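Quick note: the coordinates plus some simple rules give every number you see, no bench work behind them. The model shown is predicted, which means the values in this text are computed figures rather than measured ones. A quick note on method: Cβ atoms are made from the backbone with ideal geometry, for glycine too, and the neighbour counts reach across all protein chains shown.
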Amino acid sequence: MSQPYDIKQNPHKGNRGLTRAIHAAKNSWHGLVFAFKEESAFRQELVLLVVLGPIALLLPVGHLEKALMICSLIMVLVIELLNSSVEAAIDRISFEHHDLSKRAKDFGSAAVMLALLIAFVIWAAVLYQEFIQ
């Protein structure tokens, strides 16, 4: 029978306070850099943010609408990072085809697609309200 998990057994959980925050910020930065270098989908979605973000700021809409438009694009990047983390974990286990591995990767991909759909709906609703209605 296995021994129950105790957080003191984890060598990565020793940092606290400001030291933990600094290490977390470094890890986050490394994750963003790696995603940019290695994940073409992340780069494509980042282009959406870089192009559409300033457009949202320049549109004659309210602050809430601008925030929703920009946050919907950031949400796509967040979900893409989560999808990439699932894919990396699956690939670490094995490159061999397995139905459950495919299912996990497909779930991640579907989450990204739904995030893109949410962003599209938000942008369409704001633009419709401002320019067509």
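Kirkwood radius for the stretch 13-58, taken over all pairs of different Cα atoms as the inverse mean of 1/r, rounds to 12.6 Å. Separation of the stretch 56-104 from the stretch 115-132 is 18 Å, based on Cα centroids. Excluding same-chain neighbours fewer than eight residues apart, the aspartates and glutamates reachable from Lys66 by a Cα-Cα span under 14 Å are Glu130. Taking Lys and Arg as +1 and Asp and Glu as -1, the other residues whose beta-carbon sits under 14 Å from that of Thr19 total +4.
Counting neighbouring Cβ atoms within 10 Å and putting the fewest first, the residues Ile90, Ile74, Ile7 line up as Ile7, Ile74, Ile90. Dipole check for the chain: with +1 at the C-beta of Lys and Arg, -1 at the C-beta of Asp and Glu, and the Cα centre as origin, the magnitude is about 600 Debye.
Highest mean packing comes first when the peptides 46-58, 115-127 are listed by Cβ atoms within 10 Å, giving 115-127, 46-58. Considering only Ala41, Asn10, Phe95, the residue lying farthest towards the positive end of the dipole of the chain is Asn10, judged by Cα position with unit charges set on Cβ. Evaluating kT/(6 pi eta Rh) at 20 °C and 1.002 mPa s, with the Kirkwood radius of the chain over Cα pairs in the Stokes-Einstein relation, gives 121 µm² s⁻¹.
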